[in-house]
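The values are calculated or read from the model by the stated rules, or taken from the named source; none is laboratory data. Not measured: the values here are computed from a predicted model. With ideal geometry, Cβ positions are generated from the backbone for all residues, glycine too; neighbour counts draw on all protein chains shown.
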Amino acid sequence: MAQKLRSARLYASFGRSSRIVNSTAPTAFALNPELLKLPYKVATLLYCFNSQDQVLLLERAQEPNRGLWSPCGGKLHTEEGESPYACACREAHEELGITITPRDLHLTGMVSEHGFQGQTHWLMFLFEIKTRIDLLPPLHKEGRFEFFAKDVLPGLKIPRTDLEQIWPWFWAHRGGFFAAHCHCFPNGENAWSLEESLPLNPIQK
């Protein structure tokens, strides 16, 4: 029974090339030790909304995910010991032109990706900015911004991992918290595990 309680909750996948695995099950991922030697990068993603609750996305002009729509953000200055919250505040100033403090942030999710595009391991902190932003940020070297309603996101060109599970889990846990892991296989298939799930209590919404 305890084993079952520790197991990850199972979710239906939105992507044909993804599957949900039990977070406590033995993994075959360790069979390829070479994948474990990839660089590990840490980044923040900023989920910003306007007064109509439309989400602000960036059409990326740089890799990774060039040409795709995703939340803005950037890598931590790990050599300086920068915290995820400090990184999120810095990125908000650099890319959105706004000044915020850690109190203006809610950590909605934490997602790790193993072997993304066969090049990098990622650890991403998903922050919602509590402050509403109604003015579209100007064109940036990282790309151009646009607001989108929630229901149009599946029709946009967005990263596969976002489409498969990150967006569905973000919406399901908005105001709460989740932690997830994605193992990205060379054949394009992704295996997901939801490692912690704390949705916002309906009474709190």
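List pairs: first residue in region 179-195 and farther than 12 Å from residue 160 by Cβ and in contact (Cβ under 8 Å) with a residue 24 or more places away in the chain, second residue of a type in the set (D, E, K, R) and assigned to a loop (DSSP other than H, G, I, E, B) anywhere in the structure, Cβ distance under 8 angstrom, at least six positions apart or on different chains.
194/9
Could we say that residue 157 is basic (Lys, Arg), touching a residue at least 60 places away in the same chain (Cβ under 8 Å) and touching a strand residue (DSSP E or B) at 6+ places or on another chain (Cβ under 8 Å) here?
When the stated conditions are applied, residue 157 passes them.
Is there any pair linking a residue in region 48-74 that is on the phi > 0 side of the Ramachandran plot and in contact (Cβ under 8 Å) with a residue 60 or more places away in the chain to one that is part of a loop (DSSP other than H, G, I, E, B) and surrounded by fewer than 17 Cβ atoms within 10 Å (Cβ to Cβ), with Cβ under 9 Å and at least six apart or on different chains, and which?
As it stands, the answer is 53/132; 53/149; 65/159; 67/61; 67/157, since those pairs meet every condition given.
Give me a count of the residues in region 87-106 that are within 23 Å of residue 63 (Cα to Cα) and either surrounded by 16 or more Cβ atoms within 10 Å (Cβ to Cβ) or in contact with an Asp or Glu (Cβ under 6 Å, 6 or more places away or on another chain) (or both).
Matching residues across region 87-106 total 8.
Considering only region 65-85, how many residues are crowded, with 16+ Cβ neighbours inside 10 Å and of a type in the set (Gly, Ala, Ser)?
3
Among the residues that make up region 117-127, is at least one of them part of a loop (DSSP other than H, G, I, E, B), in contact with a Lys or Arg (Cβ under 7 Å, 6 or more places away or on another chain) and at pLDDT below 95?
Within region 117-127, the first condition is being part of a loop (DSSP other than H, G, I, E, B), and the residues that meet it are 117-119.
Within this subset, residues satisfying the condition of being in contact with a Lys or Arg (Cβ under 7 Å, 6 or more places away or on another chain) are none.
No.
Run residue 152 past the list (1) exposed (fewer than 15 other Cβ atoms within 10 Å of the Cβ); (2) modelled with pLDDT under 95; (3) β-branched (Val, Ile, Thr) and report the number of the one that doesn't hold.
Going through (1) exposed (fewer than 15 other Cβ atoms within 10 Å of the Cβ); (2) modelled with pLDDT under 95; (3) β-branched (Val, Ile, Thr) one by one, residue 152 breaks only (2).
Give me a count of the residues in region 184-198 that are within 16 Å of the chain's Cα centre (by Cα) and either buried (at least 20 other Cβ atoms within 10 Å of the Cβ) or outside any strand (DSSP E or B) (or both).
5
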